[in-house]
Amino acid sequence: MVAKEVEKLLRGGLNTATVRVSAEVCLQCGERLYSQETVQCFERIRDKLKDDDVAGFQPVGQSFSVPSCDLESLG
């Protein structure tokens, strides 16, 4: 295990957010271990995303849902 800064993708409701945090990362398999404080932070962010309470979050772009990967429908 080695300490690294990683990017975590969090989902809540229809919203997503990324956050950079420190984690212990396994050099063999890539599994990440987060501190209890970091996990609690993830939970708070997910709750805010579910409630559309994104004040203080920085918008990065837009996300889209594509119903299928049918090349004809994609043009």
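May I ask you to say which residue of 66, 60, 39 is surrounded by 10 or more Cβ atoms within 10 Å (Cβ to Cβ) and either part of a loop (DSSP other than H, G, I, E, B) or not hydroxyl-bearing (Ser, Thr, Tyr) (or both)?
Numbers: 66 fails: surrounded by 10 or more Cβ atoms within 10 Å (Cβ to Cβ); 60 fails: surrounded by 10 or more Cβ atoms within 10 Å (Cβ to Cβ).
Just a single option satisfies the conditions, and that option is 39.
I'd like the full set of residues that are of a type in the set (Val, Ile, Thr) and either at pLDDT 95 or above or farther than 20 Å from residue 55 by Cα (or both), limited to the range 1-17. First the steps, then the outcome.
As a first pass, look at the range 1-17 and keep what is of a type in the set (Val, Ile, Thr): 2, 6, 16.
2, 6 - these are the residues of the range 1-17 that are of a type in the set (Val, Ile, Thr) and either at pLDDT 95 or above or farther than 20 Å from residue 55 by Cα (or both).
Among 17, 55, which is the only one that is small (Gly, Ala, Ser) and in contact with a strand residue (DSSP E or B) (Cβ under 6 Å, 6 or more places away or on another chain)? Before you say what the answer is, go through the steps one by one.
Numbers: 55 fails: in contact with a strand residue (DSSP E or B) (Cβ under 6 Å, 6 or more places away or on another chain).
17 is the lone residue from the list that is small (Gly, Ala, Ser) and in contact with a strand residue (DSSP E or B) (Cβ under 6 Å, 6 or more places away or on another chain).
Working only within the range 27-49, note down all residues that are in contact with a strand residue (DSSP E or B) (Cβ under 8 Å, 6 or more places away or on another chain) and more than 27 Å from residue 64 (Cβ to Cβ).
Initially, the range 27-49 is screened for residues in contact with a strand residue (DSSP E or B) (Cβ under 8 Å, 6 or more places away or on another chain), giving 27, 31-35, 38, 41-42, 45-49.
Residues satisfying the conditions are 27, 31, 32, 33, 34, 35, 38, 41.
So which pairs qualify, if the first residue must be in the range 31-58 and small (Gly, Ala, Ser), the second must be modelled with pLDDT of 95 or more, the Cβ gap must be under 8 Å, and the two must be at least 6 apart or on different chains?
From the range 31-58, the pairs are 35/22.
Residues in the range 20-33: is at least one touching a Leu at 6+ places or on another chain (Cβ under 9 Å) and loosely packed, with under 10 Cβ neighbours inside 10 Å? Give the steps one after another, and end with the answer.
Within the range 20-33, the subset touching a Leu at 6+ places or on another chain (Cβ under 9 Å) is 23-26.
Add one more test, that the residue is loosely packed, with under 10 Cβ neighbours inside 10 Å, and what stays is none.
No, the range 20-33 contains no residue that is touching a Leu at 6+ places or on another chain (Cβ under 9 Å) and loosely packed, with under 10 Cβ neighbours inside 10 Å.
Restricting to the range 2-19, and then to whatever is exposed (fewer than 12 other Cβ atoms within 10 Å of the Cβ) and over 25 Å from residue 59 (Cβ atoms), can you tell me which residue is farthest from the chain's Cα centre (by Cα)?
2
The values are calculated or read from the model by the stated rules, or taken from the named source; none is laboratory data. Please read these numbers as outputs of a predicted model, since none were measured by experiment. Neighbour counts are summed over all protein chains in view; Cβ atoms, including those assigned to glycine, are modelled from backbone coordinates with ideal geometry.
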